[in-house]
Amino acid sequence: MKLGRRILLLLTLAAASFAFLSMTFARYTTAVSGGDTALVARWNFSARGEDDPAGTFYTKGFTFDLFSAKSVSPMDSGHKSFTFTGGGSDTAIAYDVRMKASDLLLLTRGTVAGTENADIYAPFIFRITVSVSDGACDAPPVVFTPPGALGNGWFRPEDIAAAEDGFFSIFDKTAGAPGFSAASADQVTVTVFWQWNTSCYIGDTGAASVAPDVSAGAPGDYPPYYQAAYDAYYGPGGLEERRVAAANAVTDYLSAHGGGPSPDGTWQHEISCPLTPAQHDAALAALSPEGKENYLLAHNGTDDGTGSIAWGAHTVPCPHDHYAEYNALVAVENAATADCRTSLLRAYDDYDTLAADALGAKESVKVIFHITGVQLAPG
Ligand SMILES: [Zn+2]
Ligand SMILES: [Zn+2]
């Protein structure tokens, strides 16, 4: 059995993630004394992505490529941020940021470490943080507390109750919608952290039981959850070592015991007699005269005429119970092979391969962030 040590398939995930900025266009008007002229209030609600030119804010859309347009492979991780501002608009603004990750939900079903028909999701987890510019005049928004038990603010999109259009707000609005006061030039920066982390999904397959581990590990290393499974498989005393040892024990037994049964089903072979001359002498002495004659023949003993026996080289039938011993060794090998097949490492590799194939077959996979600013009538 051979296991892929690392999923080599690069996921050609069309990872462009688009972000949209929208606002209400129902601009309020205000009566100016002496006439009916409608004035349009100054409206500067705008946003920029981390990769947009510094200081440039956009009022319609901006660049936000969560995955940096690169192919994503299992166990990758990263983060990206975007910033929005009221820009000193004339009115107060209530804002919201909504996320949609419905492309990352249930992808397919497949066999994971021998468990058939397991649900396969895109195994991404996310964490969102928010900061405000120095000297901000408005209270910072409160990021929602994700459901689920991953800890540290990490969440799986499948655990979030989204609206019918697939979006959910990233803010906790129990104390009211977050907003900018009139003339506020505060900037709010949202940072989205992401990980391909199968430890947060594997438990749902029934193929493995492991606590989700959101720690990412050092750059260039496997994340800790995968390293642990890798070590249990390939490390000293691990599953692979035990499987190879068990397979070698079967091979070694065959070569030590005549290569296996004869075509007639018997399994017999000769071995060099293990007895020392002294042991031969003792065995001979205990026998009857007739027994002595047979023993001398069987053990190549010759009377040299001086009363002692010379024991020449000779063989005897191997006394082992070959079938029983061989079958016991094969059973150990089969068990070791089954342990590999149902290992946690195999479960991760199967899951990642199924998810990567399913994602790669999609034309595009988008995670969308939608920022809205709604002007509040002057109070
Ligand atoms: Zn034997
Ligand atoms: Zn002998």
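Highest mobility in the GNM of the chain, judged by mean-square fluctuation with C-alpha springs under 10 Å and restricted to Ala185, Ala256, Ala207, is found for Ala256. In plain terms, the residue of Tyr253, Tyr95 with the fewest other Cβ atoms within 10 Å comes first and the most crowded comes last, giving Tyr253, Tyr95.
Can you give the helix-only mean residue ellipticity at 222 nm for the chain, where every DSSP H stretch with n ≥ 4 adds -39500 (n - 2.57) and the sum goes over all residues, rounded to the nearest 500 deg cm²/dmol? Per the formula, -7500 deg cm²/dmol. Pairs exceeding a 23 Å alpha-carbon distance, out of Lys80/Lys100; Lys60/Lys100; Lys173/Lys366; Lys60/Lys173: Lys173/Lys366; Lys60/Lys173.
Both radii were evaluated on the Cα set of segment 270-317; the Rg over Rh quotient, with Rh as the Kirkwood radius, amounts to 0.94. A viscosity of 1.306 mPa s and a temperature of 10 °C, combined with the Kirkwood radius over C-alpha pairs in the Stokes-Einstein formula, give the chain a diffusion coefficient of 59 µm²/s.
Net charge within 15 Å of Ala185 by Cβ-Cβ distance, Lys/Arg positive one each and Asp/Glu negative one each, not counting Ala185 itself? Let's see the in-between values first.
Working: positive: Arg42, Arg48; negative: Asp90, Asp134, Asp138, Asp186.
Combined, the nearby Lys, Arg, Asp and Glu give -2.
If Lys and Arg each add +1 and Asp and Glu each add -1, what is the summed charge of the other residues whose beta carbon sits under 14 Å from the beta carbon of Gly259?
On the way: positive: none; negative: Asp252, Glu270.
Neighbour charge sum, excluding Gly259 itself: -2.
Put simply, when 218-224, 100-106 are sorted by average Cβ atoms within 10 angstrom per residue, most first, you get 100-106, 218-224. Of all DSSP bridge pairs formed entirely within the chain, close to 90 percent run antiparallel. The Kirkwood hydrodynamic radius of segment 271-379, based on inverse pair distances between different Cα atoms, is 22.1 Å.
Each value in this text was obtained by applying a stated rule to the coordinates, not by laboratory testing. All of these numbers come straight from a predicted model, not from anything done at the bench. Every residue, glycine as well, gets a Cβ built from its backbone with ideal geometry; the counts of neighbours run over all protein chains shown.
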